[in-house]
Structures are given as structure tokens and as C-alpha cells.
1. Being assigned by TED's automatic domain parsing to the domain that holds Gly116 and under 24 Å from Ala237 (Cβ atoms) narrows it down to one of Asp30, Asp70, so name that one.
2. Output the qualifying pairs, or none if there are none: Cβ atoms under 7 angstrom, residues six or more apart or on different chains, first residue in segment 356-368 and under 17 Å from Asn477 (Cβ atoms) and free of Cβ contacts under 8 Å to residues at least 12 places away in the same chain, second residue surrounded by 24 or more Cβ atoms within 10 Å (Cβ to Cβ) and of a type in the set (Gly, Ala, Ser).
3. Consider Pro571 carefully, then state whether it is free of Cβ contacts under 8 Å to residues at least 12 places away in the same chain and either surrounded by fewer than 15 Cβ atoms within 10 Å (Cβ to Cβ) or touching a Phe, Trp or Tyr at 6+ places or on another chain (Cβ under 8 Å) (or both).
4. Residue check: is Glu355 assigned to a helix (DSSP H, G or I), surrounded by 14 or more Cβ atoms within 10 Å (Cβ to Cβ) and not assigned by TED's automatic domain parsing to the domain that holds Met222?
5. Only one of these is in contact with a Leu (Cβ under 9 Å, 6 or more places away or on another chain) and outside any strand (DSSP E or B): Ala84, Ala68. Name it.
6. Residue check, Leu504 against (1) in contact (Cβ under 8 Å) with a residue 60 or more places away in the chain; (2) of a type outside the set (S, T, N, Q); (3) under 22 Å from Ala350 (Cα atoms), all met but one. Which one?
7. Within segment 546-563, can you find the residues that are polar (S, T, N, Q) and either at pLDDT 90 or above or surrounded by fewer than 17 Cβ atoms within 10 Å (Cβ to Cβ) (or both)?
8. Just give me the residues in segment 385-435 being over 30 Å from Asn477 (Cα atoms), assigned to a helix (DSSP H, G or I) and in contact (Cβ under 8 Å) with a residue 60 or more places away in the chain, in sequence order.
Amino acid sequence: MTAGVTSPNAVRAVRRIADLPFLAEQAYGDAVAWRFKQDGQWREQTYAEVSEVVLDLASGFVHAGLQAGDRVCVLANTRPEWTAVELAVLAAGGIVVPIYPSSAPEEIAWVVGDSGASIVVAENEEQCLKVESVGAGLPELRTVFSIDPAGDRSRVAELQDSGRTSPLAGVLDSRRAAIRPEDPSLIIYTSGTTGPPKGCVLTNANWVALCRVAEEARIDAMTGVVYLFLPLAHVFAQIIMFGTMYRGGALAYFGGDMKAIVPELAEVRPTFLPSVPRIFEKIYTFVTSSVPAEQLAQAVALGLEVRRRRAEGEPVPAEMAAAFEQVDALFANVRAAFGGRLVQALSGAAPISPEVLRFFHAAGVPVLEGYGMTESTAVGTINTLGRFKLGSVGASGVAGLEMTLGEDGELLMRGPHVFAGYWRNEEATAETLRDGWLHTGDLGEIDADGFVTITGRKKDIIITAGGKNIAPANVENVLRQSRWISHAVLFGDRKPFCVALLTLDADEIGPWAAARGLPSDVESLVGHPDVRTLVQEVVDEANSHFASVSQVKKFVLLTRDLSQEEGELTPTLKVKRSVVHRLHSGLYEELYA
């Protein structure tokens, strides 16, 4: 524990992220830090208990040979042990390198080898076997520890026991005292839509700046219960983990089953929910699928107006209030789906439709967008409850975060949140960091109030044979609003018109088909004329929102959904366009034949 810290606000004195668990203990003590499922029951650990676990584990890592500056890879699903290992490695002066648990052995070999990691902490035997299968090509790797029992392999629990038996508090204090703000704390490899992943070096100063953002932006919902299912290998989950600890909230880890997220929300009843858009889109589709479009539009418009008036202290006319009471039954179901206590949700990592956002705001579930990238410690702009614009990704200016536009409309960022560069890759660093500005690769607009709208990726822009520039995400987002569509990928570079590759949502199309006596499997349905007609109606409706040049003239339905296994999706479910286009080039050729 850090000596000499006695203030209840001790956590605000953090200068290096390695001190955070010990300062949080001083600030929050017996408050609940973690909630997690064990044997089907929710368990709790206080900030004081977490601090003790981290101290024991950190001592154990030192006993196991961890030197200051050593890299330690963590290959596991999101769970409290993941965080404990991370905080312990940092407390021992090490550098954490996350790896997605969905990674193939070759991908693991790249991250471990490129980072020069000497230790890997793997979740279970399956993950250990992946590492061991490529271990011969990793000369710097010394040890693999397992979180769960995995044969006779060494376990993290043994590290913790050794540290408890022989604590090294003095050594740990000295190591943390030697850490400078500019020193690396994490190296997060971008999942990347093209090429091998690059390791983003995030410093202690980056994470401390993030903690300041969480406070200055007044995300007070983080002081309650925060439900976390996002992969801790992704920077989005990392800012939630550190930010919650800094604000003194309780981090509730999901039980490990993605299909159980909605039931667990009802159990945990979070006040804050960070998520990728797909979760919000699925709930939106489920709740609204049986509501006529005109009725839904009226309910959303009414809900937004009533909530605007209440927020600004304006009176709500009796007739309007009575009408709102009638539609609030629908909205009550939405609030209940999130546990009934949700103050704010944060959507990130991918674009989300403004229509979905409008619906949730009308329902009393503010889903706010933020924008960032791994290279900016996941922050750049943010909407807050006190200042937001639906359809934007928020404004910068919080905690010294700066945003401007390049000559070509590219978003540029500067500030204490910008990373130190790419690990062992000076060429890529020089290309991305120029004149003090981070070149994001994203195209956008900044309005008079400072709110940012993302219009596309520089490399994703479609330039048709006629020379027209099209941002595919705009069209794809509208298509994905349909309950029947899971993924949509627009194609048309150097072509006379745009076409789309679409996949069906099996959870939605199956019951629809069964009710009509049709086969329930997607592979059989994609060629059925009734399904083609259904999807054509979706495409026609989407086309009505765009000029002719951006409209989908033809489409093809895949017999399966896009997947990580085929390399078409990143672990955060972003579409790898280059992979999709390469794998399905034959289908595109047929559409243009």
C-alpha cells in the first residue's frame, strides 16, 4: 500500500496508474469494488480486499522473476481475475499486453513475439494449449500461468499464495516510485481491419488523463454499479475498468455467457452500461418489432419532447402528459430490460443509428455515443447527460482533449490521451503522429458547438466509376436497423453502382419463417422468393433515404452470418471490409455480371 496517503480523496492524487488500487483502497475502503458470479451466485469484494489481492499477486509475480519493464500477456475472457492480474503486473512494475481469447495460435504468437513478453497468463487449458502450440517460436517466453485448473500447469492462485506468504511491499513501493508518467503501462494490439496488429503503447500519463476525463465529464453513473461484458483485451473495457475504480463504483463482471447478458442486467440492475451498438440494436429490435412504424414514430417524438421539457424545467401540458402516460408502458419495458436503474449507457467501438438512440432517449434510457481509438486511450469526444447531441459522437475539450479537422476532413486529435506510438514500429508511428497531432483516419465534421459527426473512414470511402464519393457506413447503418438484417457491407469502388452483401438475423428470420411454414435454417431461406421479397422491401426503404448514387441497386444474401472465425469480424464485431471483399469477390462479380 502506498505510504502516507490518508485523505478520503486520495485517489485523486494518482500520478501513475500502478498506484490506483492502493489509492482507491484509501478513498473507498469497504465499499464494493467488484461483483462477480461464482457457483451461480453473485459475490462481492471490497476495495480493501481488492488491494490485498493485488498486493499478494504482485509479490508473487516478483517471486516468479518478473522484472520492471517486463511484458506480461493476458489471454482470457473478461472476469475479475483478469483485472487482478493486470493491476498486479502494473504494481510490480511490469507492462500488460492483452490478447483476445478468440485469437488463433498464429495471432497469439504474433502478439507474444512482437511484444517480447516473458510471461503469459492464460485462462484455462484450452488457451494454454494455444500458447504451447506456438511456444517453440517464442524464445523470450519463459512461463505460462493458468487462471483455472489446467493439468499440472502453474496457476495464478499459486502466485497469490506465494506473495501472501512472502510479501514484498517494500520492493513494490520502490518499483512503483521509479515509474515515470511517460513509461508504458499497457501495449494494446489493434485488432486491425488490414495487416498484422500493431501494438499501441499507452503510458501511465494516458490512463491518468482518462481518469480525469471520467471525473470532469461528470459520468456520475460510474459511481454506482457498472456492468462489464466487453472484452478486457479492448481499450474500451480498459477505460471502464480504470474509470470505475477511480470513481469508486462497483464493477459487475458478466458471468461469461454472452446470451445471458439481458437476464444478468435484470439481476445486477446497473446504473451505467458500456456496450457496443449490437446489444442496443438487438434490444431495440426485440421491443419494437411488434409496434407499427407510424405508432412507434409518434411515441418516440412524444417521449423526446416530454423528456426535453422536463430536463429544461418547462411545463408539460396536461394533454401531452396524458398521452405520454399511455405510451410509457412500452418505454417501461425498455427500462426494465436494463434492470430499471440505468442512468446512462455509453455506446462505442462502432457506429450506431441515430434512430436507435432517439428511441432509447425517448424511453428514458439515455444511450450516449463517444468516440476514440486505441491510439487515443479510447477517448476523443464524448456526449454527456448535461451536454449532448444525438447523432454526434460528442464534443472534445474535456481534460485538455483537442480535436480539429485536416485539409481533407480527417479528424486530428491532440492531448494527454494520445498514445506514445507503436511498439517497435517507428515508421507506423511517424505516419500516425505528425506535428503533435494524431491522424485518426476517420473523416468527420465539427459543428459550431464543437460536436463531432463521423462521416466515414478515409480508406473505406467508395469512389464509383463516375467519381462520386460514398461513405458506406451511412447506408449500412440504415440497412441494419431492420430486424431481419444482421450485417450489411456496401461495395462499389470503381464500379458503376453500389451493391450490398447482406446476412440474415437468424434469431428474427427463423420465427418469421416458421409462422409461414418455411424452413427455419438460414441456408435454406436465403434463396426463397418470400425472403427475397422481404429483404428487397428493406433495401427499398433504406434507399429512400439516399441519393441515387448511394443506393443499393443489387444485393446478395449470404448463407451464414459474418464471423470472427472466418476473419470477417474483429473481436469487437467491426467488419473487416478487405477480408469480406476478398472472401466473397465471386458474389460481387455475379452482381455486376
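The values are calculated or read from the model by the stated rules, or taken from the named source; none is laboratory data. All values reported here derive from a predicted model rather than from experimental measurement. When we count neighbours, we look across all protein chains shown, and the Cβ atoms used for this are built from the backbone with ideal geometry, even at glycine.
1. Testing whether each residue is assigned by TED's automatic domain parsing to the domain that holds Gly116 and under 24 Å from Ala237 (Cβ atoms) leaves just Asp70.
2. Short answer, once both residue conditions are applied: none.
3. Answer is no for this residue.
4. Taking the combined requirement at face value, the residue satisfies it.
5. From the options Ala84, Ala68, the qualifying one is Ala84.
6. Result: Leu504 fails condition (1) only.
7. Passing the criteria: Ser548, Gln551, Thr559, Ser563.
8. Hits for segment 385-435 are Ala399, Gly400, Ala428.
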